[in-house]
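Structure, as structure tokens:
What follows is calculated from the coordinates using simple rules that are stated; it is not laboratory data. Note that this is a predicted model, so its numbers are computed, not measured. Using ideal geometry, Cβ is built from the backbone for each residue, glycine included, and neighbour counts are taken over all protein chains shown.
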Amino acid sequence: MKNQLPPGQFETNNWPILHQGDIYSFNEDTWQFRLFGNVEKEAVLTYSDMLSLPKTISAIDMHCVTTWSKFGTTFEGIALRELLNLVSLKEGVTHIKVYGHYNGDPYGYSANLPLEPLLGDDALFVYRWKDKNHDWQDITPKHGYPLRFIPPASFYLWKGTKWVTGIRFMKQDEAGFWEELGYSMSANPFKEERYR
Ligand SMILES: Nc1nc2c(c(=O)[nH]1)N[C@H]1C(S)=C(S)[C@@H](COP(=O)(O)O)O[C@H]1N2
Ligand SMILES: [Mo]
């Protein structure tokens, strides 16, 4: 699936910036990441808890529904599957919602995703990146610093919540921010699932 241009997309070497609302400004004293919903016991991580988890480095293509695609960006972050070691999921969890800041509300943005395709090296909570024109550097605040989700290339990039604050584990699919406004629940760029 790498370096493959989905229908209706064009390739860019830039990394455009797209979001609604204010840019969250990082405060390590108040920052937290919650694992909640259908879990036996909620977990709350500080930023240093997060950074002490095993790291994953992988190149993940990005496909934005506004039609740009960027190939071969390499990210450093924490794989979603590492976070699953910190909670016991209740029976029947099939989907998650990844929450992030929106205009001062830590849970104001969200994106829903099926859990099963997110267990590999291409579903990362990232803080650093590089590409062929840029050496390793922190994700800028506009791209979601201190931590943002990058979904596998089989999902449009709106599923990549910036300024993440937590994951809710769900027993059914439930629309997030853009999905409530009419965007696709499944959002596969290769099937051009833009709207619903
Ligand atoms: N918290 C938050 N995350 C967000 C958004 C947002 O408005 N708020 N926009 C999404 C959309 S629509 C896109 S296309 C990507 C863009 O990521 P980028 O600006 O790093 O390219 O972020 C996603 N994550
Ligand atoms: Mo977007």
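Sub-6 Å Cβ pairs linking a first residue in the range 80-103 that is of a type in the set (Ser, Thr, Tyr) to a second residue that is in a loop (DSSP other than H, G, I, E, B) and within 12 Å of ligand 1 (Cβ to nearest atom), at least 6 apart or interchain, are TYR102/GLY21, ordered by first then second residue. Of the residues making up the range 87-105, those that are among the β-branched types (Val, Ile, Thr) and not in a loop (DSSP other than H, G, I, E, B) are ILE96, VAL98.
Here the range 87-117 is the region considered, the condition is being among the hydrophobic types (A, V, I, L, M, F, W, C) and crowded, with 22+ Cβ neighbours inside 10 Å, and the residue that is nearest to VAL44 (Cα to Cα) is VAL98. Residue count for the range 27-70 under the criterion of being assigned to a loop (DSSP other than H, G, I, E, B) and within 22 Å of LEU115 (Cα to Cα): the result is 10.
Looking across the range 167-184, the residues that are more than 12 Å from ligand 1 (Cβ to nearest atom) and under 24 Å from PHE33 (Cβ atoms) come down to ILE167, ARG168, PHE169, MET170, LYS171, GLN172, ASP173, GLU174, ALA175, GLU180.
Taking the range 141-178 as the range and being farther than 16 Å from LEU115 by Cβ and among the charged types (D, E, K, R) as the test, the residues that pass are LYS142, ARG148, LYS162. PHE10 passes every criterion in (1) away from ligand 1 (no atom under 16 Å from the Cβ); (2) surrounded by fewer than 11 Cβ atoms within 10 Å (Cβ to Cβ) apart from (1). Number of residues in the range 39-67 that are of a type outside the set (A, V, I, L, M, F, W, C), in contact (Cβ under 8 Å) with a residue 40 or more places away in the chain and surrounded by fewer than 17 Cβ atoms within 10 Å (Cβ to Cβ) equals 5.
Yes or no: the range 73-84 includes at least one residue that is surrounded by fewer than 17 Cβ atoms within 10 Å (Cβ to Cβ) and part of a loop (DSSP other than H, G, I, E, B). No, every residue in the range 73-84 fails to be surrounded by fewer than 17 Cβ atoms within 10 Å (Cβ to Cβ) and part of a loop (DSSP other than H, G, I, E, B).
Residues that are away from ligand 2 (no atom under 13 Å from the Cβ) and touching an Asp or Glu at 6+ places or on another chain (Cβ under 9 Å) within the range 140-153 comprise TYR145, PRO146, ILE150, PRO152, ALA153, listed in sequence order. Residues of the range 154-180 that are among the aliphatic types (A, V, I, L, M) and away from ligand 2 (no atom under 15 Å from the Cβ): VAL164, ILE167, MET170, ALA175.
Does the range 116-124 include one or more residues that are in a strand (DSSP E or B), closer than 23 Å to THR67 by Cβ and either aliphatic (A, V, I, L, M) or touching a Pro at 6+ places or on another chain (Cβ under 8 Å) (or both)? So far as the range 116-124 goes, no, none of its residues is in a strand (DSSP E or B), closer than 23 Å to THR67 by Cβ and either aliphatic (A, V, I, L, M) or touching a Pro at 6+ places or on another chain (Cβ under 8 Å) (or both). Checking each residue in the range 165-182 for being under 13 Å from the mean Cα position of the chain (by Cα) and aliphatic (A, V, I, L, M) picks out only ILE167. For GLY77, the criteria (1) within 16 Å of ligand 1 (Cβ to nearest atom); (2) touching an Asp or Glu at 6+ places or on another chain (Cβ under 8 Å); (3) of a type in the set (Gly, Ala, Ser) hold in every case but one, which is (2). Output the residue which, of all residues in the range 7-39 that are hydrophobic (A, V, I, L, M, F, W, C) and more than 22 Å from THR140 (Cβ to Cβ), is nearest to ligand 2 (Cβ to nearest atom). Residue satisfying both the conditions and the ranking: PHE10.
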